[in-house]
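Engineer: What follows is a structure written as structure tokens; I'll ask about it next.
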There are 2 protein chains.
Amino acid sequence: MTSLLELPAGELLDRFASPDPTPGGGSAAAFSGGLGAALVAMVCAMPKTRTGAPEERARLDAALAWAREAGDRLRALVQEDARAYDAVVAAYRLAKRPDAEKAARKAAIAAALARATDVPLATAEACLVVLKAAQEAVAHGNPNAVSDARTGGVLGFAGLVGAAENVRINAALPWNAWMRLSRKAAAGRRLSVSFRFRQFRGGYRPRRTPGSKPQTSG
Amino acid sequence: MTSLLELPAGELLDRFASPDPTPGGGSAAAFSGGLGAALVAMVCAMPKTRTGAPEERARLDAALAWAREAGDRLRALVQEDARAYDAVVAAYRLAKRPDAEKAARKAAIAAALARATDVPLATAEACLVVLKAAQEAVAHGNPNAVSDARTGGVLGFAGLVGAAENVRINAALPWNAWMRLSRKAAAGRRLSVSFRFRQFRGGYRPRRTPGSKPQTSG
């Protein structure tokens, strides 16, 4: 089978639009995170930083490593999600065969659904790393590329939400896994709210760094 | 030049991560919207609707047409954004040549930046259509595919935000264009908030349709 990332990008979009069950939302979420990671890596790798301070270089180098690692994982997850969901479809088909044992079919479906939950959970995790790297890129990266860094962040956020949707639909989550995911989602929401607030409400104020003078009123 | 959508999808991601100025955030925003449109179209085209009511079929057919049209526009915009930004880079280079007339260089940069603002504005517009189609797909589409419809919606939202970032960085917007964009962004934010709220806070309650009984208290 040709891997999804080997398809021409336009054809990949056609595959998402097709009535076949895969690739679906889980693969799209991973792709979105991978696209965000690519933009963030581009900004972090630029020689110019916001202020030119040496600690900014170190922070951007760290963020670059996160973005690259998360991006690599997300690329793999595009394919893994499709494979996991294909297995779910196969398990349900198996269950329809008259000779299938009731217990065996239940076990096959449960195992496939568990895998189809683990994969988007991994996607959510990697997307959160993209969001964190994006925050560093927005705060300390080349200001001329801030729109790329922010776009990378919102793509990471979209991947996080999409992955969470896919976890939720494939699983009645055990309590602790749901809590873990909720905490991640909440962290992602906080990050993304800060992205959007500055976009729609105010101007592009550079993030105040620890050394800068606090604003006083009155 | 090979069009970006003809590149293998993995290579397209590499191009976004590369230090070259294009493709950048504007193309990524358009791609994200196109990916969202594909998922939404997939859900709207499914024979099964939420309740099976005939008016749901009509609403999904309309949403399918929106998603397809917006998706086609967004695919074209992936390339157009890269072309528009390449022209900005070329105009700045032209301006550095010693024989360039001061007035001519200013005009060339202004024209290129205007185009590099119009393209992401068109992207924002098409992404908003994707969001609206996603809302229909979530409300009236096959409940088994609700995660695909929601993922499509959040990808449309990411495209809208990313496009807005690119408009903002390329232009000191005329007042009325800014107001238009703000209204769109606000509409997108309302839609996306409803997506996220139901995801992280409550259950998947089906959207109340006009014919359903209003809730009364006391």
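The values are calculated or read from the model by the stated rules, or taken from the named source; none is laboratory data. Bear in mind the structure is a predicted one, so any value in this text is a computation, not a measurement. A quick note on method: Cβ atoms are made from the backbone with ideal geometry, for glycine too, and the neighbour counts reach across all protein chains shown. Accessible surface areas use protein heavy atoms only, side chains included; no ligands, DNA or RNA. Shrake-Rupley method; radii C 1.70, N 1.55, O 1.52, S 1.80 Å.
Engineer: Looking at segment A:46-54, is at least one residue part of a helix (DSSP H, G or I), more than 10 Å from chain B (Cβ to nearest Cβ) and more than 30 Å from residue B:64 (Cα to Cα)?
Structural biologist: Within segment A:46-54, one or more residues are part of a helix (DSSP H, G or I), more than 10 Å from chain B (Cβ to nearest Cβ) and more than 30 Å from residue B:64 (Cα to Cα).
Engineer: Sticking with this structure for a sec: List the number of the failed condition for residue B:169; all other conditions in (1) of a type outside the set (Lys, Arg); (2) free of Cβ contacts under 8 Å to residues at least 40 places away in the same chain; (3) crowded, with 20+ Cβ neighbours inside 10 Å; (4) within 24 Å of residue A:14 (Cβ to Cβ) hold.
Structural biologist: Of everything listed in (1) of a type outside the set (Lys, Arg); (2) free of Cβ contacts under 8 Å to residues at least 40 places away in the same chain; (3) crowded, with 20+ Cβ neighbours inside 10 Å; (4) within 24 Å of residue A:14 (Cβ to Cβ), residue B:169 misses just condition (4).
Engineer: When you scan segment B:4-12, do you find a residue that is at pLDDT 95 or above and outside any helix (DSSP H, G or I), even just one?
Structural biologist: Within segment B:4-12, one or more residues are at pLDDT 95 or above and outside any helix (DSSP H, G or I).
Engineer: Which residue pairs have Cβ atoms closer than 7 Å, lie 6 or more positions apart in sequence or on different chains, and pair a first residue in segment A:60-87 that is touching a residue at least 12 places away in the same chain (Cβ under 8 Å) with a second residue that is open to solvent by 50 Å² or more (accessible area, probe 1.4 Å)?
Structural biologist: Once the first residue is touching a residue at least 12 places away in the same chain (Cβ under 8 Å) and sits in segment A:60-87, its partners that are open to solvent by 50 Å² or more (accessible area, probe 1.4 Å) give A:64/A:45; A:66/A:132; A:84/A:115; A:85/A:21; A:87/A:115.
Engineer: Continuing with the same structure: Does segment B:108-115 include one or more residues that are over 30 Å from residue A:41 (Cβ atoms), at pLDDT 95 or above and either out of contact with any helix residue (DSSP H, G or I) (no Cβ under 6 Å at 6 or more places or on another chain) or not aliphatic (A, V, I, L, M) (or both)?
Structural biologist: No, segment B:108-115 contains no residue that is over 30 Å from residue A:41 (Cβ atoms), at pLDDT 95 or above and either out of contact with any helix residue (DSSP H, G or I) (no Cβ under 6 Å at 6 or more places or on another chain) or not aliphatic (A, V, I, L, M) (or both).
Conditions (1) part of a helix (DSSP H, G or I); (2) more than 10 Å from chain B (Cβ to nearest Cβ); (3) open to solvent by 70 Å² or more (accessible area, probe 1.4 Å), marked per residue:
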{"site": "A:29", "(1), (2), (3)": "yes, no, no"}
{"site": "A:33", "(1), (2), (3)": "yes, yes, no"}
{"site": "A:37", "(1), (2), (3)": "yes, no, no"}
{"site": "A:58", "(1), (2), (3)": "yes, yes, no"}
{"site": "A:61", "(1), (2), (3)": "yes, yes, yes"}
{"site": "A:68", "(1), (2), (3)": "yes, no, yes"}
{"site": "A:80", "(1), (2), (3)": "yes, yes, no"}
{"site": "A:87", "(1), (2), (3)": "yes, yes, no"}
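Engineer: When the residues of segment A:5-27 are filtered to those that are in contact (Cβ under 8 Å) with a residue 60 or more places away in the chain and more than 17 Å from the chain's Cα centre (by Cα), which remaining residue is least open to solvent (accessible area, probe 1.4 Å)?
Structural biologist: The selected residue is A:22.
Engineer: Examine segment A:90-109 for a residue that is over 23 Å from residue A:144 (Cα atoms) and open to solvent by less than 20 Å² (accessible area, probe 1.4 Å), and state whether such a residue exists.
Structural biologist: Within segment A:90-109 (the criterion being over 23 Å from residue A:144 (Cα atoms) and open to solvent by less than 20 Å² (accessible area, probe 1.4 Å)), the answer is yes, since at least one residue qualifies.
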